[in-house]
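The values are calculated or read from the model by the stated rules, or taken from the named source; none is laboratory data. Computed from a predicted structure; not experimentally measured. Cβ: placed from backbone, ideal geometry, glycine included. Neighbour counts: every protein chain shown.
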Amino acid sequence: MAKPRKVIITCAVTGAIHTPSMSPHLPVTPDEIVADSLAAAEAGAAILHLHARDPETGRPDQSPEAFEPFLGRIKQQTNAALNITTGGSPFMTVEERVRPAATFRPEVASLNMGSMNFGLFPMLNRYTEFKHDWEREHLENSRDLVFRNSFKDIEYVLKTCAENNTRFEFECYDISHLYNLKHFFDRGLVKPPLFIQSVFGLLGGIGPHPEDVLHMKRTADRLFGEDYRWSVLGAGANQMRIAAQSAALGGNVRVGLEDSLWAGPGRLATSNAEQVRQVRAIIEGLGLEVASPDEAREILDLKGGDQVGF
């Protein structure tokens, strides 16, 4: 009998989109980030995608000093591969955003593959009261926000991390981002196997329709053939449906409170682990198996946790 295919689950633990007033379960402090990360790994996440926040206000904080209190603690207690964002927040410069990955030399770092409108303001229709002043401003200011990821910016991140053997989670919010990645691939600035994370349902990027998912995969197949590994994330209510479609199409999945606060219609997820368990049930229900951290390292050709800087 053929061996079941292994599916990598990435869990994006806190992110920089949602604000503390939106859910009491969003990890903010280092202790909360550690606890949620470890529980997600125990539930089946092979990769943990990490952001940092100010522990008092929950505001995104991309300083290396904000990551330091939890990176080592997570690494010491789980074999999961740790992925440090270079996306940070859309309001930050690329120099700010790359500093944690450059400092800590993780196995994986995320990298957004193109500039885009980044509309968070529709969430103001749902959330009207906030604990902190910055939260409303954060959402309102996205009406006039271009998340800058120019060719110069992308090349800066690639070259800054070039000597660290860090692989990238290439975040592609639209078809054009795949072509941008192909540009860097053809120049030899990125090496296979490429780990492409297709993002669906965020205002300003490609939509969440099943045909959008198929279009993204068909384009990536045509551009990269056997040189890439595909994963998806669906924003908000799209999360599990798009994850199921990816698993059925031979891809991998990303869940977590960065991407969705929900565990079902009108029901907040109480932890990242709850979403990991949900998507694991979908994967196993399709007759597939969840990849362990070491299996994910083999699939993505990661350097190993003994070669990071934390």
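If you check Ala40 against the conditions, is it touching a residue at least 12 places away in the same chain (Cβ under 8 Å), of a type in the set (A, V, I, L, M), touching a helix residue (DSSP H, G or I) at 6+ places or on another chain (Cβ under 7 Å) and part of a loop (DSSP other than H, G, I, E, B)? No, not satisfied.
Every residue, every condition in (1) among the charged types (D, E, K, R); (2) surrounded by 21 or more Cβ atoms within 10 Å (Cβ to Cβ), yes or no:
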position: Ala247; (1), (2): no, yes
position: Arg254; (1), (2): yes, yes
position: Leu257; (1), (2): no, yes
position: Gly264; (1), (2): no, no
position: Gly287; (1), (2): no, no
position: Ala291; (1), (2): no, yes
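Counted as qualifying within region 47-146 are the helices (runs of 4 or more DSSP H) with 1 or more residues that are in contact (Cβ under 8 Å) with a residue 24 or more places away in the chain and small (Gly, Ala, Ser), namely 64-77, 94-104.
Residue under question is Ala296, and the condition is that it be over 16 Å from Ser231 (Cβ atoms) and surrounded by 18 or more Cβ atoms within 10 Å (Cβ to Cβ); does it hold? In short, no.
In region 26-45, which residues are small (Gly, Ala, Ser) and touching a strand residue (DSSP E or B) at 6+ places or on another chain (Cβ under 6 Å)? Once the filter is applied, which keeps residues that are small (Gly, Ala, Ser) and touching a strand residue (DSSP E or B) at 6+ places or on another chain (Cβ under 6 Å), region 26-45 yields Ser37, Ala40, Gly44, Ala45.
Of the residues Ser271, Ser260, Ser246, Ser292, which is closer than 27 Å to Arg99 by Cα and either of a type in the set (Ser, Thr, Tyr) or in contact with a Ser or Thr (Cβ under 9 Å, 6 or more places away or on another chain) (or both)?
Selected residue: Ser260, the only one of Ser271, Ser260, Ser246, Ser292 that is closer than 27 Å to Arg99 by Cα and either of a type in the set (Ser, Thr, Tyr) or in contact with a Ser or Thr (Cβ under 9 Å, 6 or more places away or on another chain) (or both).
For region 195-217, the set of residues classified as part of a strand (DSSP E or B) and buried (at least 19 other Cβ atoms within 10 Å of the Cβ) consists of Phe195, Ile196, Gln197, Ser198, Val199, Phe200, Gly205, listed by residue number.
Residues in region 178-194 that are touching an Asp or Glu at 6+ places or on another chain (Cβ under 9 Å) and closer than 15 Å to Gly225 by Cβ were compared, and the one that is surrounded by the most Cβ atoms within 10 Å (Cβ to Cβ) is Leu194. It is to be established whether one or more residues within region 18-30 are at pLDDT 95 or above, in contact with a Pro (Cβ under 8 Å, 6 or more places away or on another chain) and assigned to a strand (DSSP E or B). No - not one qualifying residue is present in region 18-30.
Does Val34 fit the bill of being buried (at least 24 other Cβ atoms within 10 Å of the Cβ), farther than 27 Å from Leu203 by Cα and touching a helix residue (DSSP H, G or I) at 6+ places or on another chain (Cβ under 6 Å)? Write out each step before concluding.
Numbers: buried (at least 24 other Cβ atoms within 10 Å of the Cβ): no; farther than 27 Å from Leu203 by Cα: yes; touching a helix residue (DSSP H, G or I) at 6+ places or on another chain (Cβ under 6 Å): yes.
Here the answer is no, as Val34 does not meet what is asked.
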